[in-house]
């Protein structure tokens, strides 16, 4: 292969449409902008401009605050863990970690950690090791004869 034989894949590079290049181009004269009016001219700001009136997005009050370094947890319910143990997708005899829960398909992503909630019932004694858990989930696992260990979450970058 030589340098002069290199070429792109077919269809990878599409030629740019050249507007205002004469009547034969198909986009000549007005270049597809129509005739007269604000939209036919350059420097148009129609989207947020209301003719000098205070725009709607500035009339409405700002509400709330989104913390930039907040932690987002994936949520898994106890009833779902019991269901997956019954289906044979989780092994109740070995320790169930966050990676095991993701591999079994209980949640798609681990995010900043997995938090166990007490919705549903669990009858199997399991050993869970996760980032977070509700008080009802910890009680329910203990009542079934298992243990639920909560490890510290990663510290958010400040």
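Brief remarks on what is shown
- Mean separation of Cα pairs under 8 Å and 6 or more residues apart, divided by the residue count, gives the chain a relative contact order of 16 percent.
- Per-residue ellipticity at 222 nm, computed for the chain from helices alone with -39500 (n - 2.57) per DSSP H run of at least four residues, works out to -5000 deg cm²/dmol.
- Average projection area in nm² (convex hull over Cα atoms of the chain, one quarter of hull surface): 22.1
- Against the chain, whose longest principal axis is taken from its Cα atoms, helix 78-87 shows a tilt of about 80°.
- Chain lengthening between residue 42 and residue 54 when straightened (0.36 nm per residue, less Cα-Cα): 2.0 nm
- Once Rg and the Kirkwood radius are both taken over the C-alpha atoms of the range 74-149, their ratio Rg/Rh works out to 0.90.
- Simple spin-label estimate for residue 144 and residue 69 in nanometres, 7 Å along Cα-Cβ: 3.6
Bear in mind these aren't lab numbers, they're just calculated from the coordinates by the rules spelled out. Because the structure is predicted, anything quoted here is derived from the model rather than measured. So basically every Cβ, Gly included, is an ideal-geometry build from the backbone, and we count neighbours across all protein chains shown.
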